[in-house]
1. Restricting attention to the range 61-69, does a residue exist that is small (Gly, Ala, Ser), assigned to a helix (DSSP H, G or I) and under 17 Å from Gly196 (Cα atoms)?
2. Of all residues being among the polar types (S, T, N, Q) and open to solvent by less than 100 Å² (accessible area, probe 1.4 Å) in the range 77-88, which is nearest to Leu106 (Cα to Cα)? Just the residue, please.
3. Any idea which of Gly119, Gly103 is at pLDDT 95 or above and at positive phi?
4. Could you pull out the residue among Thr143, Thr167 that is open to solvent by 10 Å² or more (accessible area, probe 1.4 Å), more than 16 Å from the chain's Cα centre (by Cα) and in contact (Cβ under 8 Å) with a residue 40 or more places away in the chain?
5. Looking only at the range 109-134, count every residue that is β-branched (Val, Ile, Thr) and not in a loop (DSSP other than H, G, I, E, B) and tell me the total.
6. Condition (residue is closer than 20 Å to Tyr100 by Cα, among the β-branched types (Val, Ile, Thr) and surrounded by fewer than 19 Cβ atoms within 10 Å (Cβ to Cβ)) applied to the range 177-184: is it met by at least one residue?
7. Only one of Leu106, Leu101, Leu91 is crowded, with 19+ Cβ neighbours inside 10 Å, farther than 19 Å from Gly217 by Cα and out of contact with any helix residue (DSSP H, G or I) (no Cβ under 9 Å at 6 or more places or on another chain). Can you tell me which?
8. Only residues that are touching a residue at least 60 places away in the same chain (Cβ under 8 Å), hydroxyl-bearing (Ser, Thr, Tyr) and over 24 Å from Lys134 (Cβ atoms): list them for the range 171-202, please.
Amino acid sequence: MAKSTTMPVSGNTRIVALALSALLVGGLAVSQAQAAPAEPASATATAATGEKSAASASALALTRQQIVARAEHALKTPTKYRTAKNGPIKLSTPKGNNNYLGGHNLNVYNNYNGQSWCGHFAAAMWDKQGVPAKYEASQRWRTHVGNRFHPYRVNRLPQPGDVLVWTNTSNSAFGHVGVVVSVKGRSVTTIEGNAGAGTDSVTRRTYSWDDKRATGGPYLPSKKFAGFASAR
C-alpha cells in the first residue's frame, strides 16, 4: 500500500488562501445586494403617510366619540340648576329624552347667569376645544369657526360631534345650536341645551335633513337652518 504524503503548507500559502476566501465571500454579498430590488423611496413615504393618516383618523374618531358620550351623559345625569338667581342649587331628574333644568336659564352650563345657554352647552360638549370666541352666542358657531362651518347643502350631512346652527328669521343675530349624536340615512339626531320641555332642558331631537318647511334642512319654528360647524 502506498503511503499518503501530506504536503506542508507554508505561512504564505495560508495567507493567500484566506485572502481568496474573503474576496469570494465579499463578491457573493455584493451580488446578492445588487440582485435584491431596492424599496422605492416613494413606497416608504407612502407607508409612513398611511400610518400617520390612520393615527389621525383614530384620533378624530375618538374625539367625536367623546363629544357624543358627553352629550349622552348630560341628557341622562342629574344636573345642577337654580329656580332663583341666588336660590339653592337643585338637581334635575332626567326623564327619557329630556333633562329639565328648572325653567329659569340658571344652571351649571351658563354659570347660573340667566342667559340663553345652547351655545354654552355645545361648548361644554366640545370640552371648549376649538370653540369660537364668545361661544355663548349661537351665531358665533356660524361666523367664527372659519372654514369649519359648512352652509346647508342637501348632499352634505354632518357627522356625530358636529354642531347644527339655526338663525332666527326675525333677527339674524340670534338663533340656536345643537350637538349631533348620530346620523342614520337622511335623519340627524341631536342633543341640545336650552331646548325641549320649558325650553330650558337638555333634550334629544331627530330631524329630517330633507325637510322642506321654511328653507329646507332640519326644521325649527321661526328659524332658518344655516348649516353645521365641524368638530375637526
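1. no
2. Within the range 77-88, the match that is nearest to Leu106 (Cα to Cα) is Thr83.
3. Gly103
4. Only one candidate passes the filter, namely Thr167.
5. Total meeting the criteria: 0.
6. Within the range 177-184 (the criterion being closer than 20 Å to Tyr100 by Cα, among the β-branched types (Val, Ile, Thr) and surrounded by fewer than 19 Cβ atoms within 10 Å (Cβ to Cβ)), the answer is no, since none of the residues qualifies.
7. Answer to the selection: Leu106.
8. Ser182 - this is the single residue of the range 171-202 that is touching a residue at least 60 places away in the same chain (Cβ under 8 Å), hydroxyl-bearing (Ser, Thr, Tyr) and over 24 Å from Lys134 (Cβ atoms).
The values are calculated or read from the model by the stated rules, or taken from the named source; none is laboratory data. All values derive from a computational prediction rather than experimental measurement. Reconstructed Cβ throughout: ideal geometry from the backbone, glycine too, with neighbour counts over all protein chains shown. Note: areas computed on protein heavy atoms with side chains; ligands, DNA, RNA excluded. Shrake-Rupley method; radii C 1.70, N 1.55, O 1.52, S 1.80 Å.
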